[in-house]
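Only one structure is covered here, and it is reproduced in the block below.
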Amino acid sequence: MPEDILMEIKRDYVLSKLRDGERIDGRRLDEIRPIEIQTGLIAKAEGSALVKLGNTMVVAGVKMQPGEPFPDTPDQGIIITNAELVPLASPTFEPGPPDENAIELARVVDRGIRHSEAIDLSKLCIEEGEKVWIVFIDIWALDDDGNLMDASALAAIAALLNTTVPAERFELGDNFPLPVRDLPIAITSLVFEDKILVDPCRDELSIGKNTITITTDQNDNIVSIQKSGPFLLSEKVFDRLIDISIEKAREVRKLLRDV
Amino acid sequence: MEEIRLIVDGKRLDGRGFEELRPIKIEAGVLKRADGSCYLEMGKNKVVAAVYGPREVHPKHLEDPSMAIVRYRYSMAPFSVEDRKRPGPDRRSIEISKVSREALEPVIMKELFPRSAIDIFVEVLQADAGSRTACLNAASVALVDAGIPMRGMVTSVAVAKVDGVLVLDPMKEEDYYGEADIPFAFLIRNGKIESITLLQMDGRVTAEELRRALELAKKGAMQIYQLQRDAIMRKYIREEEVVE
């Protein structure tokens with residue numbers, strides 16, 4: 001209950017600021033929180049990355065192993081993305097199997113990677129129809145201060161960039177870097193009436209968890225969209241969101257390239 | 001796999017034009033026990049929707065003292081697809097249930113029914129791409145049939161990009177081999193599209209294509225909206241005649 005009252009106070013504060021076109025942490029409406037990317041921190045994983053997006057913190061780890069391909073794609077590797085909203089990351093997360101939020105998070109991240117064709121899956125075929133590499137991307141939330149989505153998507157692609165295919169361990173020849181050929185970037189915005197708040201922090205989400213995530217590839221194509229939250233989205237706002245997301249993704253992509 | 005051509009001589013594999021919907025059949029009030037229901041066919045999709053409520057909330061702790069809670073369960077029958085699907089919710093169904101619920105919630109006047117639940121169940125008996133859109137269309141009709149007060153109608157349709165062109169209401173082959181799939185749902189009030197209530201996308205499109213896809217989806221949605229209206233009118237007008 002105290003949590004509820006606090007939320008209400010925060011809500012009023014966020015709204016009163018927003019009326020003047022301001023955000024509670026002084027950011028511009030389209031300003032993303034500072035990003036920190038650290039890669040290769042988990043030596044036991046084939047690839048890993050820790051991303052801090054303001055106070056939001058996510059670690060992504062990539063593990064790989066040979067396995068059977070899907071019958072309809074006998075010569076393609078497989079991507080499996082999972083996300084866990086573990087209880088240490090927020091007082092509202094509970095132990096247990098992934099709930100709808102964790103599933104949505106994993107699936108949106110997965111779609112960004114899959115449809116930007118970031119991983120060249122044809123290079124992950126070991127023996128057509130028999131054996132291909134399976135890429136397991138596991139997203140572990142550590143601290144949820146809002147917008148786990150973008151932090152997770154960024155951690156996932158950063159971890160993939162850092163991944164070495166462990167061929168030697170499975171006696172399948174020499175290790176080689178995972179063929180990554182695109183950099184999908186997810187940009188999530190909080191929508192409130194006609195206002196768009198890029199990269200909402202947790203306190204801002206007290207005015208409604210109404211977000212849109214747009215993921216773009218390095219050629220500014222849109223590869224994934226997810227409207228999340230019970231709200232009505234006007235066409236006008238949607239139209240602005242497209243351009244904002246493309247522009248913001250370019251900024252983040254530049255940062256990722258520099259790592 | 002790139003060999004498969006989805007558009008031949010300006011026509012789609014099933015003979016449709018780019019901006020043409022699949023045949024749609026809607027019938028309201030098909031289930032006796034449910035408070036509201038609807039059977040809907042959209043091409044080869046066959047779905048049934050049922051609405052129960054407003055009713056007591058179980059489990060109790062989910063109750064909201066200020067408004068009704070809305071629950072939506074999208075479920076596929078094991079025999080609805082080529083390879084038998086294991087019954088019960090998988091990750092895809094859970095995600096679809098979430099976004100579909102969120103598409104209906106802002107349209108349902110939840111504030112009128114504090115401490116109660118409105119449960120929407122949709123069962124896919126046969127699936128052929130666009131089952132989430134078919135289910136949402138059926139669910140809106142079922143909600144009206146149940147007499148749940150709403151701000152308008154929710155109407156859903158997808159647009160796909162296949163062989164480089166945008167097509168309305170993709171069928172299975174177009175969804176599977178196409179370059180992008182964009183399901184939309186709209187709030188339609190007083191015969192006008194007011195806003196977007198569901199929006200997802202996967203594949204690859206340019207910003208300009210995305211904007212055109214929205215316009216195409218709106219055209220399709222208006223046609224489906226008419227059919228939803230007709231289905232509701234059909235049911236209630238016939239009952240009026242009996243009284244006379």
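Just so you know, all these numbers are worked out from the coordinates, no wet-lab data involved. Keep in mind the model is a prediction, meaning the values are calculated, not measured. When we count neighbours, we look across all protein chains shown, and the Cβ atoms used for this are built from the backbone with ideal geometry, even at glycine.
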* Can you tell me the dipole magnitude for chain B around its Cα centre, using point charges on the Cβ only (Lys, Arg +1; Asp, Glu -1), in Debye to the nearest 20? => 520 debye
* Asked: Considering every residue in B:100-108, what mean count of other chain Cβ atoms within 10 Å of its Cβ is obtained?
  -> 3
* Which of A:G208, A:G229, A:G21 moves the most in a Gaussian network model of chain A with Cα springs under 10 Å? -> A:G21
* Asked: With respect to the cross-link table entries A:K227/A:K248; A:K227/B:K60; B:K44/B:K235; B:K32/B:K98; B:K85/B:K172; B:K25/B:K192, which display a Cα-Cα separation exceeding 20 Å?
  -> A:K227/B:K60; B:K44/B:K235; B:K32/B:K98; B:K25/B:K192
* Using a Gaussian network for chain B with springs between C-alpha atoms less than 10 Å apart, which of these wobbles most: B:V162, B:V107, B:V81? -> B:V81
* Classify chain B as rounded, prolate or oblate, taking a ≥ b ≥ c as the square roots of the eigenvalues of its Cα gyration tensor: rounded when a/c is under 1.5, otherwise prolate if a/b is larger than b/c and oblate if not. => prolate
* Residues with amide H under 5 Å of B:A146's amide H, sequence separation 5 or more or different chain, H placed in the peptide plane at 1.01 Å from N; which? -> B:S37
* Structure fact -> Relative contact order as a percentage, chain B, C-alpha pairs under 8 Å and 6+ apart, gives 21 percent
* **Other protein chain Cβ atoms within 10 Å, averaged over every residue that makes up B:192-199** => 5
* Asked: Where does helix B:207-243 land angle-wise versus the long Cα axis of chain B, in degrees 0 to 90, nearest 10?
  -> 40 degrees
* Taking K and R as +1 and D and E as -1, what net charge do the other residues with C-beta under 13 Å from the C-beta of A:K236 add up to? -> -3
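Could you please rank A:W140, A:W133, placing first whichever residue has the fewest other Cβ atoms within 10 Å of its Cβ?
On the way: A:W140 20, A:W133 26.
With the sparsest Cβ surroundings first, the list reads A:W140, A:W133.
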* Asked: Under unit Cβ charges (Lys, Arg +1; Asp, Glu -1), what dipole magnitude, rounded to 20 debye, does the protein assembly as shown have relative to its Cα centre?
  -> 1000 debye
* Structure fact -> Residues meeting the amide H criterion for A:A167 (H placed from the backbone, H to H distance under 5 Å, 5 or more places apart or on another chain) are A:N175, A:F176
* To do: Sequence neighbours fewer than 8 away in the same chain don't count; with that in mind, list the aspartates and glutamates whose C-alpha is under 14 Å from B:K46.
  => B:E27, B:E123, B:D128
* For peptide A:237-243, how many partner chain Cβ atoms fall within 10 Å of a residue's Cβ, on average? -> 3
* Using amide H atoms built 1.01 Å from N in the peptide plane, name the residues 5+ places from B:A180, or on other chains, whose amide H lies under 5 Å from its own. => B:K161, B:R204
* Which whole-Hz ³J(HN,Hα) couplings does the range B:156-161 yield from phi under the Karplus relation 6.51 cos²θ - 1.76 cosθ + 1.60, θ = phi - 60°, glycine and proline marked x? -> 10, 7, 10, 10, 10, 10
* To do: For helix A:148-161, report the angle its Cα long axis makes with the longest principal axis of the Cα atoms of chain A; keep it between 0 and 90° and round to the nearest 10°.
  => 30 degrees
* Give me the angle, in degrees from 0 to 90, between the Cα long axis of helix B:91-104 and the longest principal axis of the Cα atoms of chain B, rounded to the nearest 10. => 60 degrees
* Structure fact -> For the range A:2-258 the mean separation of alpha carbon contacts under 8 Å (6+ apart) over residue count, i.e. relative contact order in percent, is 21 percent
* Determine the distance separating the Cα centre of the range B:61-98 from the Cα centre of the range A:80-100; give it in Å without decimals. => 19 Å
